[in-house]
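The values are calculated or read from the model by the stated rules, or taken from the named source; none is laboratory data. All of these numbers come straight from a predicted model, not from anything done at the bench. When we count neighbours, we look across all protein chains shown, and the Cβ atoms used for this are built from the backbone with ideal geometry, even at glycine.
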Amino acid sequence: MVSETTQQSNFKRLISYMKPYKLGFIAAIVAMVGYAGIDSLFIYSIKPLIDEGLTNKNPGVLTYAPIFVVGAFCLRGLFNFVSTYCLSWVGSNVVMTMRQSLFDHMMRMPVPYFDSQTTGQLISKITYDTEQVANAASKTLVIIVKEGAFVVGMLALMFYQSWQLSLIFLLIGPIIAVVVRFVSKRFRKISRQIQNAMGNITTSAEQMLNGHKVVLTFGGQAIESERFRKISNKTRRQNMKMVAASAISVPVIQIIASFALATVLFVASFDSMMETLTPGTFTVIITSMIMLLRPLKQLTSVNSQFQKGMAASASIFAVLDEEEETDNGTKELARAKGDLRINDVTFTYQGKETPALENINLSIEPGQTVALVGRSGSGKSTITSLLTRFYPYQDGTITLDGIEVNDFKLANLRSQFATVSQHVTLFDDTIANNIAYACDDSVTREQIEAAAKSAHVLEFAQSMPDGLDTQVGENGVMLSGGQRQRIAIARALLRDAPILILDEATSALDTESERHIQGALEALQANRTSLVIAHRLSTIQNADKIVVLDGGRIIEQGTHEVLLAKDGAYAQLHKMQFGD
Ligand code: ADP
């Protein structure tokens, strides 16, 4: 449950997002008040029109009336434009700022955070929740200020004409307040549910889009369709609840108000009252009361918008308040030699009971190639994740060139590593820009071409329409697995980091590309420390050290020959793969 105080502090925080756009905000408020003023002036003018113009047949009043009407409407139109435009300007800027801070913040979140969140929920916060906040910012304000000013105008007019009758009308105020309070609680609850449901819709759609081929192959269309229908229907039902709450509350409030209006009419019929009222005064009062029903309706329905916005900002602020990746290390190395030592490290993933790594001891000398082998789930990738500090380890130490990795500045630590993994992430850009991803301007075209050449990227790029400047499409859909991997190798070559992590780097290659690439990879590894996760033992026979993992423990380590001679787990694996 969102408590009143968090709601208040969220509101304050929301206001702080609008502060930079104060001027637009003020202009909008002035224009809205002007708009309401003109409407009130109209109703006020009914009295002279009836009493002077019609009853007393004063020709002056009737002559000016048409000019007044046109002039007033021109001004009203201007006010309307200024207020709508300025508020949308403020609102759209607030959405943009929030989106940007969410985007930037999510990017800086630690890796474990993403293990506990669905991508759909996070995307929906960036796209949907921020829009909801904009609605709160603009729609709510339009109604509160514009209608609020109009209510004040109407009340002033009524009291000015007859305070006795106006008092009667006002007695219903507290009753309406109770209804509004009850309804807003409900709005807030439903809004939160709608947001979650929107997140689920995004998640479900995303799963289908990402796994489209799997769905087709396994004939999962009916299941996916049903899953989506359920989620979608849930959102629809929540929306209907919202509409129902709002559709019931509006007439209820108006019926309560109609009782007050009836009482006023009844009291006005008393003789003593009749004497004090001219036809003009009476018309102005009744018109004002009827006119008050509209803003009353708006003011209660604005609440649903406002609650939606508040629920959305609560969900946004919850993400913004999540702690970013800790980066309080101070040490930096221009270029590490590549001396890696893992001492007695034990690591358990959050929410897991058994450790993924137990008492790992491993040293890698600068320039060495060390291979990690073992069945899947044995902890190979986890070791590499700890080196780059994607996850914090609980026990033991990991040092790079004698400095504990936790003492490094994060960016500096990560700049010492280049990863080539079987999951190559390509950005929707050209091949050249993908190779030079996140490099600064000092990287020359020649360097990119040289990297592309050594990684055998040029070979296939040359046959493409724009060569290295060919667009690869979203996540490189236009390219084969082997081509994607060659781009990843070129990227690592250009990055020229001292330590290389090759995660089953050659798994997606056909024999032809593999032959091409093995040479490039060896050149890449030549003067670097490298850690290779390999499934196929043929590629790692020359490694300086082979480490065999099982169930998070190192069960053997040594060179290919030593391990074969030992006739243990490695020899077993070797027999399985080569059948000898
Ligand atoms: P390998 O790379 O050898 O296949 P991993 O290092 O990926 O093995 O996994 C080691 C163990 O840690 C496995 O039991 C796996 O289920 C678990 N694991 C891996 N990643 C996560 C994660 N993000 N959250 C929780 N458990 C994980």
Within segment 266-277, identify whether any single residue is under 29 Å from the mean Cα position of the chain (by Cα) and surrounded by 14 or more Cβ atoms within 10 Å (Cβ to Cβ), and answer yes or no.
-> no
Among (1) within 15 Å of the ligand (Cβ to nearest atom); (2) crowded, with 18+ Cβ neighbours inside 10 Å, which single condition is LEU400 missing?
-> (1)
When only residues in segment 326-374 that are loosely packed, with under 13 Cβ neighbours inside 10 Å and within 15 Å of the ligand (Cβ to nearest atom) count, which is farthest from GLN117 (Cα to Cα)?
-> THR354
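When you scan segment 82-102, do you find a residue that is within 22 Å of the chain's Cα centre (by Cα), charged (D, E, K, R) and either under 27 Å from MET158 (Cα atoms) or surrounded by 15 or more Cβ atoms within 10 Å (Cβ to Cβ) (or both), even just one?
Checked against the condition, which is being within 22 Å of the chain's Cα centre (by Cα), charged (D, E, K, R) and either under 27 Å from MET158 (Cα atoms) or surrounded by 15 or more Cβ atoms within 10 Å (Cβ to Cβ) (or both), segment 82-102 yields at least one hit.
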Subset of segment 522-548, residues under 15 Å from ASP339 (Cα atoms) and buried (at least 18 other Cβ atoms within 10 Å of the Cβ), comes to GLN525, ARG528, THR529, SER530, LEU531, LYS545
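Conditions tested, residue by residue: (1) surrounded by fewer than 16 Cβ atoms within 10 Å (Cβ to Cβ); (2) in contact (Cβ under 8 Å) with a residue 12 or more places away in the chain.
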residue: ASP407; (1), (2): yes, yes
residue: LEU413; (1), (2): no, yes
residue: THR425; (1), (2): yes, yes
residue: THR430; (1), (2): no, yes
residue: THR444; (1), (2): yes, no
residue: SER454; (1), (2): no, yes
residue: VAL457; (1), (2): no, yes
residue: PRO465; (1), (2): yes, no
Considering (1) within 30 Å of GLN572 (Cβ to Cβ); (2) of a type in the set (Gly, Ala, Ser); (3) away from the ligand (no atom under 16 Å from the Cβ), say which one ALA451 fails and leave the rest.
-> (1)
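Table: residues versus (1) basic (Lys, Arg); (2) more than 19 Å from LYS297 (Cβ to Cβ); (3) modelled with pLDDT under 90; (4) assigned to a loop (DSSP other than H, G, I, E, B).
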position: ASN93; (1), (2), (3), (4): no, yes, no, no
position: ALA134; (1), (2), (3), (4): no, yes, yes, no
position: LYS139; (1), (2), (3), (4): yes, no, yes, no
position: ILE143; (1), (2), (3), (4): no, no, yes, no
Of MET289, MET240, the only residue that is hydrophobic (A, V, I, L, M, F, W, C) and touching a helix residue (DSSP H, G or I) at 6+ places or on another chain (Cβ under 7 Å) is MET289
For SER191, state whether it is within 34 Å of the chain's Cα centre (by Cα), of a type in the set (Gly, Ala, Ser), in a helix (DSSP H, G or I) and surrounded by 13 or more Cβ atoms within 10 Å (Cβ to Cβ).
-> yes
Which one of PHE169, PHE114 is free of Cβ contacts under 8 Å to residues at least 40 places away in the same chain, in a helix (DSSP H, G or I) and either in contact with a Leu (Cβ under 9 Å, 6 or more places away or on another chain) or surrounded by fewer than 19 Cβ atoms within 10 Å (Cβ to Cβ) (or both)?
-> PHE114
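This table checks each residue for (1) in a strand (DSSP E or B); (2) not polar (S, T, N, Q).
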position	(1), (2)
PHE317	no, yes
LEU333	no, yes
ILE342	yes, yes
SER376	no, no
